[in-house]
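This report refers to the structure that appears directly beneath it.
The values are calculated or read from the model by the stated rules, or taken from the named source; none is laboratory data. What you see is a predicted model; the values in this text were computed from it and never measured. Every residue, glycine among them, receives a Cβ derived from its backbone with ideal geometry; neighbour counts consider all protein chains shown.
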Amino acid sequence: MADASSAAESYPDDLLYHPEHDWARIEGEEATFGITWYAQDALGEVVFFDPPDAGTSIAAGKPYAEVESVKAVSDVIAPLSGEVTAVNEAVSETPELVNEDPYDAGWLVRVRLSDPSEKEQLLSAEDYRARLSSED
Amino acid sequence: MSTATGLKRTPLYDEHLRAGARMVPFAGWEMPVQYEGVRQEHVAVRTAAGLFDVSHMGEVETRGPRAAAFLRHLLTNDIGKVEPGGAQYSLLCREDGGVLDDLFTYRFAPAGEDDRFLTVVNASNAESDFDWFRRQAEDFDGVEVIDRSADYAMLALQGPAALEVLARTLDSGDVPGRFHHGEATVAGRPTLLCRTGYTGEDGVELLLDPAGAPDIWRALVAAGARPAALGARDTLRLEVCYPLYGNDLSTERTPIEAGLKWACALDKDFVGAERLRAQAEQGTDELLVPFVFTGPGIPRQGCRVLSGGEEAGTVTSGTLSPCLDVGIGMAYVSARLAQPGTDLIVDVRGKERPARVSTKPLYKKGE
């Protein structure tokens, strides 16, 4: 069950996943972060995104931002460590982009990675999907 | 009905699942918090018609030759001023003025010497309210208090199109006037129709035999009402500043502090009257005020309110207003800060968000 405007459930194979329902798209020394379809569905319609400032250092496994639905607040966990280089202003303006397109238009931050080897700790799409079905 | 989890289910449980509801535990019940989305349901109620299952609410019947005198003693408002067929909002207080519950009482035509009333109470307080009624009734001859919670399902049909939707399903009976009730047949089922609600919109609440609830639910949905759940019920009531027990009302607060003096007949004696009269005369340290954020952010229950760097109160309800598209809430603040237009700071998880005290309701039709 999802909001009328939500995307269909998916976990793209080209991303890496953190068990706290966050994804990372790694491109060399940089990465883009966001929350997974599962996370946005659990939260409901996102109405507020409170981003970190560009330049903020964030640490893998620690919250770096908040997303809120009408009913609830959710911490967003950094899948990898680094420094925020850009924030998706479109999501600040139109938070429901996170529901409509969680992996593209609904990205949250760009990060310059401080330790790219941390990606070894993340899950493949297949492992993340397996983990989700074992939680059900 | 009760399940292995210990949560009760309303007779509409299967309807909720069929409509795609997300179910959550609420006051001992398994209730829908949203179907397709809080915002869509909220807007449906503001612009058309929404249908809520509120069968978790409790019902207490009070009857007997002295039933009116008993309720005048127990409740802050004066049910003696209400004719049969009328309804009245009131608070139920302890001796110290602390609020035990807020509720609606419906007055019926007397049966012989017996006056008859039905009081609808919050689900979270249904058991304790009933105990309170019963214990207080021990000192009163000529009153019988009966827990009728299991005898009624309750639906709320709310929104500018609510009466239109109702008309399509109404077999017999009249639509009662505002704050009145009457018997009717809806979708073939006998129903008590009450022109009351918790959304700030026109509409009715329907009290009926639980066995008939699925039929009426389906008929009203087929007639154009959109299922709406607890999430939207909360944002709707907060936009019009109706207090929610457990958030804005508690035994630690009095109706005077909560801005509900209008529902207290201070010229009569009732449980808690002495304290409330004293507060009405001398004022209170804190008052419940509605506020809006003047910048980004969403206030939440428990956030601290600051003024001039000092602690100045606590948020008791907060959300993003779907109609105003801004953070709104209610907070108990120092009385000196209660004037509309006063600037405040709300500490939202460490971020200082500017807010301004406003007037009730926060959402007004046509603005």
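Determine if region A:2-15 includes at least one residue that is without any contact (Cβ under 8 Å) to a residue 40 or more places away in the chain, more than 14 Å from chain B (Cβ to nearest Cβ) and under 30 Å from residue B:23 (Cβ atoms).
Taking every residue of region A:2-15 in turn, at least one turns out to be without any contact (Cβ under 8 Å) to a residue 40 or more places away in the chain, more than 14 Å from chain B (Cβ to nearest Cβ) and under 30 Å from residue B:23 (Cβ atoms).
For residue B:77, which of the numbered conditions (1) under 30 Å from residue B:223 (Cα atoms); (2) in contact (Cβ under 8 Å) with a residue 60 or more places away in the chain fails to hold?
Of (1) under 30 Å from residue B:223 (Cα atoms); (2) in contact (Cβ under 8 Å) with a residue 60 or more places away in the chain, only one is false for residue B:77: (1).
Let me confirm something: among B:187, B:167, B:211, which residue is crowded, with 16+ Cβ neighbours inside 10 Å and not assigned by TED's automatic domain parsing to the domain that holds residue B:122? Outline the logic, then answer.
Values: B:167 fails: crowded, with 16+ Cβ neighbours inside 10 Å; B:211 fails: crowded, with 16+ Cβ neighbours inside 10 Å.
Result: B:187 is the single residue among B:187, B:167, B:211 that is crowded, with 16+ Cβ neighbours inside 10 Å and not assigned by TED's automatic domain parsing to the domain that holds residue B:122.
Out of the helices (runs of 4 or more DSSP H) lying entirely within region B:35-149, which hold 3 or more residues that are away from chain A (no Cβ under 14 Å), in contact with a Phe, Trp or Tyr (Cβ under 7 Å, 6 or more places away or on another chain) and surrounded by 21 or more Cβ atoms within 10 Å (Cβ to Cβ)? Give the steps one after another, and end with the answer.
Details: elements: B:38-47, B:67-74, B:126-137.
Passing ranges, in order: B:67-74.
List the number of the failed condition for residue B:299; all other conditions in (1) in contact with a strand residue (DSSP E or B) (Cβ under 6 Å, 6 or more places away or on another chain); (2) closer than 18 Å to residue B:249 by Cα; (3) more than 14 Å from chain A (Cβ to nearest Cβ) hold.
The one condition residue B:299 does not meet is (3).
Considering only residues that are buried (at least 22 other Cβ atoms within 10 Å of the Cβ) and outside any loop (DSSP other than H, G, I, E, B), which ones fall in region B:238-274?
B:238, B:239, B:249, listed by residue number.
Which one of the conditions (1) at positive phi; (2) in a strand (DSSP E or B) does residue B:292 fail to meet, given that it meets all the rest?
(1)
Could you tell me which of the residues A:45, A:100 is surrounded by 15 or more Cβ atoms within 10 Å (Cβ to Cβ), within 14 Å of chain B (Cβ to nearest Cβ) and out of contact with any strand residue (DSSP E or B) (no Cβ under 7 Å at 6 or more places or on another chain)?
Details: A:45 fails: out of contact with any strand residue (DSSP E or B) (no Cβ under 7 Å at 6 or more places or on another chain).
Step by step, each of A:45, A:100 is checked, and only A:100 is surrounded by 15 or more Cβ atoms within 10 Å (Cβ to Cβ), within 14 Å of chain B (Cβ to nearest Cβ) and out of contact with any strand residue (DSSP E or B) (no Cβ under 7 Å at 6 or more places or on another chain).
Here is a list of conditions, (1) exposed (fewer than 14 other Cβ atoms within 10 Å of the Cβ); (2) at negative phi, and residue B:324 meets all of them except one; can you say which number that is?
(1)
What strands (runs of 3 or more DSSP E) completely inside region B:320-367 contain at least 2 residues that are within 20 Å of the chain's Cα centre (by Cα) and farther than 20 Å from residue A:92 by Cα? I'd like the intermediate steps shown before the answer.
Working: elements: B:327-334, B:343-348, B:351-357.
So the answer is B:327-334.
In contact (Cβ under 8 Å) with a residue 12 or more places away in the chain, touching a His at 6+ places or on another chain (Cβ under 9 Å) and under 29 Å from residue B:37 (Cβ atoms): which single residue out of B:231, B:224, B:203, B:197 fits that description? Spell out the reasoning first.
Values: B:224 fails: touching a His at 6+ places or on another chain (Cβ under 9 Å); B:203 fails: touching a His at 6+ places or on another chain (Cβ under 9 Å); B:197 fails: touching a His at 6+ places or on another chain (Cβ under 9 Å).
One residue alone meets the criteria, B:231.
Can you pull out every residue in region A:57-87 that is within 14 Å of another protein chain (Cβ to nearest Cβ) and either among the hydrophobic types (A, V, I, L, M, F, W, C) or more than 26 Å from residue B:302 (Cβ to Cβ) (or both)? Explain how you work it out, then say what you get.
Filtering region A:57-87 down to residues within 14 Å of another protein chain (Cβ to nearest Cβ) leaves A:63-76, A:87.
Residues satisfying the conditions are A:65, A:67, A:70, A:72, A:73, A:76, A:87.
I need the full set of residues from region B:275-289 which are charged (D, E, K, R), part of a helix (DSSP H, G or I) and either in contact with an Asp or Glu (Cβ under 8 Å, 6 or more places away or on another chain) or surrounded by 15 or more Cβ atoms within 10 Å (Cβ to Cβ) (or both), in order please.
B:275, B:277
Here are some conditions: (1) out of contact with any Cys (no Cβ under 6 Å at 6 or more places or on another chain); (2) over 30 Å from residue B:23 (Cβ atoms). Residue B:76 meets all but one. Which one does it not meet?
All conditions pass for residue B:76, except number (1).
For residue B:305, all conditions in the list (1) at positive phi; (2) crowded, with 21+ Cβ neighbours inside 10 Å hold save one; what is the number of the exception?
Among (1) at positive phi; (2) crowded, with 21+ Cβ neighbours inside 10 Å, the lone unmet condition for residue B:305 is (1).
Name the residue, out of B:178, B:107, that is closer than 28 Å to residue B:41 by Cβ and either in contact with a strand residue (DSSP E or B) (Cβ under 6 Å, 6 or more places away or on another chain) or modelled with pLDDT of 95 or more (or both).
Numbers: B:107 fails: closer than 28 Å to residue B:41 by Cβ.
Of B:178, B:107, the one residue that is closer than 28 Å to residue B:41 by Cβ and either in contact with a strand residue (DSSP E or B) (Cβ under 6 Å, 6 or more places away or on another chain) or modelled with pLDDT of 95 or more (or both) is B:178.
Here are some residues: B:201, B:205. Which one is buried (at least 23 other Cβ atoms within 10 Å of the Cβ) and acidic (Asp, Glu)?
Numbers: B:201 fails: buried (at least 23 other Cβ atoms within 10 Å of the Cβ).
Criteria check complete, one pass: B:205.
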